[in-house]
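Structure, as structure tokens:
The values are calculated or read from the model by the stated rules, or taken from the named source; none is laboratory data. Owing to the predicted nature of the structure, the values given are computational and were not obtained by experimental measurement. Here the Cβ is made from the backbone with ideal geometry for all residues, glycine too, and neighbour counts use every protein chain on show. Protein only, heavy atoms only, side chains kept; ligands, DNA and RNA dropped before computing areas. Shrake-Rupley method; radii C 1.70, N 1.55, O 1.52, S 1.80 Å.
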Amino acid sequence: MVKEILENVDDENKTMAFKMVEGQILNYYKSWRSIFNITPMGEGSLVKWTMEFEKQNENIPDPDKYISYMMCLTKNIDAYLLDA
């Protein structure tokens with residue numbers, strides 16, 4: 001479980017940025033931002049999901065397990081929206 005706040009919305013560039021403010025992940029990373037850039041394509045959209053993070057120290061591994069989870073989450077959201 002994490003808590004994020006909406007940090008920025010740029011309607012012109014179709015971009016949204018979220019900042020993580022609570023959650024276990026912050027025990028390992030000083031900061032974590034998720035940035036979504038949406039590009040309309042045909043009847044749908046292409047979403048670029050960028051994660052910016054700063055490790056608490058150099059011994060913290062890269063967030064590969066979180067990236068795998070987020071890829072799975074994105075695929076599930078996509079499948080849900082295609083069924084809707």
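Residues in region 44-49 carry Karplus couplings, in order, of x, 8, 9, 10, 9, 10 Hz; the curve used is 6.51 cos²θ - 1.76 cosθ + 1.60 with θ = phi - 60°, and Gly or Pro positions show x. Between MET1 and GLU43, the C-beta separation translates, for a Förster distance of 41 Å, into a calculated FRET efficiency of about 0.75.
Identify the GluC sites (Glu not before Pro) of region 23-84 meeting these criteria: DSSP loop state and at most 14 other C-beta atoms within 10 Å of the C-beta. Display every interim value, and only then the final one.
On the way: sites: GLU43, GLU52, GLU54, GLU58; in loops: GLU43, GLU58.
Hits after loop and neighbour filter: GLU43, GLU58.
Of all aspartates and glutamates in the structure, those lying under 15 Å Cα to Cα from LYS55, and not within fewer than 8 positions of it along the same chain, are ASP64. Roughly how many nanometres apart are two label points built 7 Å out from the Cα toward the Cβ at ILE35 and ASP64? Distance between the two pseudo-spin positions: 2.5 nm.
Per the 1.4 Å probe, what fraction of the accessible area of the chain, in percent, lies on carbon and sulfur atoms?
Numbers: 3580 of 6710 Å².
That share works out to 53 percent.
Note that the chain, at 37 °C in a medium of 0.692 mPa s, gets a Stokes-Einstein diffusion coefficient of 229 µm²/s from its Kirkwood radius over C-alpha pairs. Of the residues MET71, MET41, MET51, which exhibits the maximal mean-square fluctuation in a Gaussian network model of the chain defined by a 10 Å Cα contact cut-off? The residue that fluctuates most here is MET41.
Once the chain from CYS72 to LYS14 is taken as fully extended at 0.36 nm per residue, the excess over their C-alpha distance is 18.6 nm. Of all lysines in the structure, those lying under 19 Å Cα to Cα from LYS14, and not within fewer than 8 positions of it along the same chain, are LYS48. Rounded to the nearest 10 degrees, the angle from helix 64-83 to the longest Cα principal axis of the chain is 20 degrees.
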